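First the structure, in the form of structure tokens, and then the observations on it.
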């Protein structure tokens, strides 16, 4: 077994041993790596008493290594794979979850919001690529025909403009969002809260098959994992972080979908809400969000959504007020990386990291961002400045 | 003819000679009084060429004094009266229009926003009293059944809680607003854009009669004035300024009702918008406002509206964040006037103005504000500190 395989196995085992999102586990992995972290957890070398007990209980159910091996074999038979942060296809935006802080966390699910340790994937798309230009469309399971209509239209329009539509695969708004994107021949990603061998709900089986055929099914949980109630809330943070923004279509008061939107806000993504008739109980959560969250933006259709999610990129509709160029929005690291790219020719991430004075991991993340902003070209893993302006508004016309 | 009668006649003549809202006329009245201003206008002693021509044209149609006398006689036969700023029943909140500044005024109606020179009134209520606790409910004439339902419910609920509902007497949302208030046995005020002898639209005649019987019909225009198109927009500023806040229920893009709401914002009143289905053309204007105007607040029902309009007063629903006392919201003049009220006993406005070091007019305005905030008591035109703190449940229980 190579070192990479060992890391992969350890991450799978860790996800089985503790629920995804557990901050203590994530910190341990960051400190001593996945295999080191796994060994310490198995030894019971964890300061947190509750976590230690939970792990001890889990260990009585099986050997983590054996369970992980079995999960990998099962995934293989299913045509699924496990993706880890070291893989090229890892969707780096989810790493932003390290800085997700929900104000006044009252429940465990609000505190334990670490990035995924691994993602199970089924479908032809490299995960990172499928999610690069993506927007989440979420809402109530008990949607009204109004909500289903809106979600379908919205997703159809976004998919037509080559945005990936991400949702949770549930009844109602989620299913309408996936279907709208599929109808447009676009890419759609369902992020599930259970094993990919048993996508939930069962009655959406045909839909899941279609999604896997043309888009992606994703999950943090290994094959065999059950869709437990609390897992949906844990899962929501991935939908919020993996996308540029989340659109809430219909939600009852305090629904799970409103939680996804609050997470999107907490992690610095665009949060958008479609209003509805005030006479509808299914719009109460949407209106609550628009009243409570200053940064939640009312949207009524595709142009509004594009205006929000395209703000950092190239889809900016009619220019807002004064020209705003992608470059103006770069953080310090990204600006340094961009400045370090030579005037002509391609450069590899390692040399670039050295020139920019940042670590390679940071360089890779920022390169991916700069590329998605249309400022850089990538070829065979190396980068160059994009010579001609990409859009009408001429962002990045260096 | 007494001096007061002369002032009144001059104000009526001025309103006939120039359209209400004309800033130059208002400034002149402020400087030399209504009779002086009228004489100067008749002499053509006006720097503005356009205004001078307009007046000259009007003067060929009749003698302003004779026209004003006739209008007063006509009003008298109709059971209507003219109210001027010197009258006790004058609704002082409309004077806030002196500081209304619409950003980027493009049309005359956006620049000429001076307070009314006089108000024609029909109905038993003293104008100021009827408007003291008032909220405007406005919207589209071509309302949908959704909008009519919402406007009716909202106005019913507000009237039930003893808020006066103000609107423009038009078809659709306006009529629904008046009817909702009437059904609750409450007070409703229609601010018209034509003479009170010919309320428009004619098909609302029975409604206007009901309003006059239990509430008020108001207009800046003398009897006989026609409901010209531009007058509706001039009128809107009065609806915006006379009330504590305006609720927009349904509006197409760029409708007159959205203009009323922007005016409410510009003059420092609460601006509230009821969202609707994004599939409805009649909600486009409402959603535009919620997107464009940071201070426009989404409301879904009576409790939300009470929270907004009661913010300065006593109807604050569940206390927002941290206790906020009426006193904290006073401007400098109001605070000085309040401080000048003696610890015990009543004091008249003149003595109080002297103690506070403000002019009597300012003192009177601030006293009326402080009284409506529940900080002062009034008896026979003199004021005293209200001894016990006023509670949420007992507005106006003096």
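Any chance you could run the full-extension gain for residue A:27 through residue A:40? It's 0.36 nm times the residue separation minus the Cα-Cα distance, nm to one decimal.
3.4 nm
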Along its principal axes, what span do the Cα atoms of region A:33-86 show, with the longest given first and each in whole Å?
-> 38, 27, 15
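Kindly work out what percent of the DSSP beta bridges joining two residues of chain A are antiparallel, to the nearest 5. Please report the intermediate quantities before stating the final value.
Working: 12 of 32 bridges.
Roughly 40 percent of the beta bridges in chain A run antiparallel, per DSSP.
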Shortest-first nm distances, residue B:377 label point to equivalent points in other copies (7 Å, Cα→Cβ) | 8.5
Within region B:119-309, what percent of beta bridges assigned by DSSP are antiparallel, to the nearest 5?
-> 15
Quantify how strongly other chains surround peptide B:300-309 by giving the mean number of their Cβ atoms within 10 Å of each of its Cβ atoms.
-> 2
For the protein assembly as shown, percent of DSSP beta bridges that are antiparallel (nearest 5) comes out at 35
Separation in nanometres of the label points that stand 7 Å from Cα toward Cβ, at residue A:355 and residue A:61 | 5.1
When each pair of different Cα atoms in the protein assembly as shown is counted once in the 1/r mean, what is the Kirkwood radius in angstroms, to one decimal?
-> 30.4
Projected convex hull area of region A:326-385, Cα atoms, direction-averaged, in nm², equals 3.4
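When a/c is below 1.5 the answer is rounded, else prolate if a/b is larger than b/c, else oblate, so apply that to region B:4-63 with a ≥ b ≥ c taken from the square roots of the Cα gyration tensor eigenvalues. It would help to have the intermediate numbers written out before the result.
Values: a/c = 1.69, a/b = 1.24, b/c = 1.36.
Verdict is oblate for region B:4-63.
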Would you kindly compute the Cα radius of gyration of region A:113-156 and its largest Cα-Cα separation (Dmax), both in Å?
-> 14.4, 38
Calculated [θ] (222 nm, deg cm²/dmol) that DSSP helices of n ≥ 4 give over chain A, each run adding -39,500 (n - 2.57) | -14000 deg cm²/dmol
Values of log10 I(q)/I(0), in the order q = 0.07, 0.09, 0.13 Å⁻¹, for chain B under a Debye, Cα-only, solvent-free model | -0.32, -0.53, -1.13
Expected-Rg normalisation [2.2 N^0.38 Å, Cα atoms] applied to region A:119-309 = 0.91
Any idea how far apart residue B:291 and residue B:229 come out in nm if each label point goes 7 Å out from Cα toward Cβ?
-> 2.7
Plugging the Cβ-Cβ distance of residue A:162 and residue A:6 into 1/(1 + (r/R0)^6) at R0 = 30 Å yields, to the nearest 0.05, a FRET efficiency of 0.20
Residue A:378-residue A:153 FRET efficiency (beta carbon distance; Förster radius 30 Å; 0.05 resolution) = 0.35
Percent relative contact order for chain B, counting Cα pairs under 8 Å at least six residues apart, stands at 12
Take the Cα radius of gyration of region A:22-126 and divide it by 2.2 N^0.38 Å, with N its residue count; two decimals is plenty.
-> 1.19
Given label points at 7 Å from Cα along Cα→Cβ, what nm distances, shortest first, separate residue B:345 from the same residue in every other copy?
-> 9.5
Inter-copy distances for residue A:108, label 7 Å out on the Cα-Cβ vector, sorted ascending, nm, one decimal, are 7.2
Post the alpha-carbon centroid distance, region B:90-109 to region B:220-283, in whole angstrom.
-> 13
Rank by packing, highest mean first: peptides A:377-386, A:190-199, B:187-196, with packing defined as the count of other Cβ atoms within 10 Å averaged across residues.
-> B:187-196, A:190-199, A:377-386
Part-to-part distance (alpha-carbon centres) for region A:1-79 and region B:345-378, which is given in Å | 74
With R₀ set to 30 angstrom, the calculated FRET efficiency between the beta-carbons of residue A:89 and residue A:145, to the nearest 0.05, is 0.20
Descending Cα extents along the principal axes, region B:197-242, whole Å = 25, 22, 17
Just for the Cα atoms in region B:215-269, what are the lengths along the principal axes, largest first, rounded to whole Å?
-> 31, 24, 20
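Can you work out D for region A:214-309 in µm² s⁻¹ from Stokes-Einstein, where Rh is the Kirkwood radius over C-alpha pairs, the temperature is 10 °C and the viscosity is 1.306 mPa s?
This corresponds to a translational diffusion coefficient of 113 µm²/s.
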Let me know the mean shielding of A:267-274 by other chains, meaning the per-residue number of their Cβ atoms within 10 Å of its Cβ.
-> 1
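Every number in this text was worked out from the coordinates using simple rules, so none of it is lab data. In this text, all values refer to a predicted model and were calculated from it rather than measured experimentally. Virtual Cβ from ideal backbone geometry, glycine too; neighbours counted across all protein chains shown.
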